[in-house]
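The values are calculated or read from the model by the stated rules, or taken from the named source; none is laboratory data. Not measured: the values here are computed from a predicted model. Heads up, the Cβs are rebuilt from the backbone with ideal geometry, glycines too, and the neighbour counts pull from every protein chain shown.
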Amino acid sequence: MTLTRLLRRAVSFGLCAAALATAATPAGAADHDRSRIVWQSTPTGSEVRFRGLAAVSGSTAWLAGSKGTVLRTVDGGRAWRNVSPPGAGELEFRDVEAFDARHAVVLAIGEGEASRVFRTEDGGATWKESFRNTDPKAFYDCMTFFDRRHGLAMSDPVDGKFRILATGDGGRTWRVLPSGGMPPAQTGEAGFAASGQCLVSSGRRDVWMATGGAATARILHSRDRGRTWRAAESTIPAGDPAKGVFAVAFRGRGLGVAVGGDYRPDQASPQAGAVSGNGGRTWKQAQTPPPAYRSGVAWLPTPWPAAIAVGPAGSDLTLDAGRTWRTFDTGSFDTVDCTRDGSCWAAGEKGRAARLTRG
């Protein structure tokens, strides 16, 4: 049962949103609590780290990870097929955007020519390299698509500004957008290629970019598919190359949630969550943020403003648009994605992949 159906069933029995928080009972709670949600492992047969995830439906999902690895399932995770691009073993895939079981685009990160984009139209049977970065100063982190044709990828600052790459044909070809509408980057500012969610879109034209590493962690917003941007300060601490906003998610053009912190495991992240109710123009600190660094976040397609955040130290659920979070699992995941049919997937280190289900 998907989380969406679980929550709908709870409401049908007259439970209020506060009572629904029992769905986030920690993984160690009593077995008789059937309302709690859990990650159900779907073994991949791989040991690589998957930071790229594209959930298409409850049956279909794509993973992208280290050593040039791309996996795909079309049966709800019962079996994962290795569909990696040939000869990509030295590349680090950190983002994948999939439109269905056959069409997907993957991004490899790194300096210079290590940053590349590949595209498949046949479920990974064949791939075409559609972009290879030739600027040694560029380092691409994330990408997003507005629809099946229009998408963007972002690079860390080049000559003092973040660089934006655009496609209008589903990733077959790419072009660098003019930088005149991009505000100057702060000293040391960059994106985090941790979950494929440092660049996200909602609707046909709105896109947000998450940053860190500088004095202030910012979230930039464009309303015209990346041509002009406006920057806003977040409440998530920065001031160090390991700190900042790692992932953002927007529900429509208004509700936004951001997660991050300090990715070093020996450092605390007491302010790991932020919220926005005005499209990212301003941000407020979460009243009860996730208790530790989180690298990925996704909205659930429910009538309530529910979202899930994940990181190496656990997973959290919010039912009030990110103001309060409650941990429901302590396992390690790097990224999370939810589908329109209410299915949620997560992926991370040591080949981990899972679907959200009821305990």
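Just a few scattered comments:
- Take the conditions (1) crowded, with 17+ Cβ neighbours inside 10 Å; (2) more than 19 Å from the chain's Cα centre (by Cα); (3) closer than 24 Å to L356 by Cα; (4) of a type in the set (G, A, S); A104 misses just one of them, which is (2).
- Residue in the stretch 132-147 that is surrounded by fewer than 17 Cβ atoms within 10 Å (Cβ to Cβ), in a strand (DSSP E or B) and of a type outside the set (A, V, I, L, M) present: yes
- Scan of the stretch 21-63 for residues that are among the β-branched types (V, I, T), over 20 Å from R102 (Cα atoms) and modelled with pLDDT of 50 or more, ordered by number: I37, V38, T42, V48
- Options L177, L199: the member that is within 18 Å of G151 (Cβ to Cβ), at pLDDT 95 or above and under 22 Å from the mean Cα position of the chain (by Cα): L199
- Meets criteria (out of contact with any His (no Cβ under 7 Å at 6 or more places or on another chain), surrounded by 24 or more Cβ atoms within 10 Å (Cβ to Cβ) and farther than 20 Å from A55 by Cα) for W325: yes
- Residues in the stretch 157-189 that are assigned to a strand (DSSP E or B) and surrounded by fewer than 21 Cβ atoms within 10 Å (Cβ to Cβ): V158, K161, A166, R175, V176.
- Out of R253, R264, R227, R294, sole residue that is assigned to a loop (DSSP other than H, G, I, E, B) and under 24 Å from Q40 (Cα atoms): R294
- The one condition in (1) more than 16 Å from the chain's Cα centre (by Cα); (2) farther than 26 Å from K67 by Cβ; (3) of a type outside the set (D, E) that G331 fails to fulfil: (2)
- Pairs are defined by a Cβ separation below 7 Å, a sequence spacing of at least 6 or placement on different chains, a first member in the stretch 216-233 that is over 18 Å from D156 (Cβ atoms), and a second member that is of a type in the set (S, T, Y) and in a loop (DSSP other than H, G, I, E, B); the pairs so defined are A232/T282; E233/T216.
- Taking the criterion of being more than 21 Å from A298 (Cβ to Cβ) and either touching a residue at least 40 places away in the same chain (Cβ under 8 Å) or hydroxyl-bearing (S, T, Y) (or both), the only residue of the stretch 260-279 that qualifies is P265.
- Search result, residues across the stretch 335-350 that are in contact with a strand residue (DSSP E or B) (Cβ under 6 Å, 6 or more places away or on another chain) and not in a strand (DSSP E or B): T339
- Matching residues, the stretch 168-215, being β-branched (V, I, T) and under 22 Å from A309 (Cα atoms): V200, V207, T211
- The stretch 106-131, residues that are over 18 Å from G191 (Cβ atoms) and in a strand (DSSP E or B): F118, R119, T120, K128, E129, S130
- Some residue of the stretch 280-288 being in contact (Cβ under 8 Å) with a residue 24 or more places away in the chain, part of a loop (DSSP other than H, G, I, E, B), among the β-branched types (V, I, T) and over 25 Å from G65 (Cα atoms): yes
- Exclusive hit being in contact (Cβ under 8 Å) with a residue 40 or more places away in the chain, assigned to a loop (DSSP other than H, G, I, E, B) and farther than 17 Å from A61 by Cα, set D316, D320: D320
- Options A217, A258; residue that is among the aliphatic types (A, V, I, L, M) and within 14 Å of the chain's Cα centre (by Cα): A258
- Screening the stretch 275-294 for residues that are within 16 Å of L319 (Cβ to Cβ) and not aliphatic (A, V, I, L, M) and picking the one that is surrounded by the most Cβ atoms within 10 Å (Cβ to Cβ) gives P290.
- In the stretch 313-359, the residue that is nearest to Q197 (Cα to Cα) out of those that are modelled with pLDDT under 95 and in contact with a helix residue (DSSP H, G or I) (Cβ under 7 Å, 6 or more places away or on another chain) is G342.
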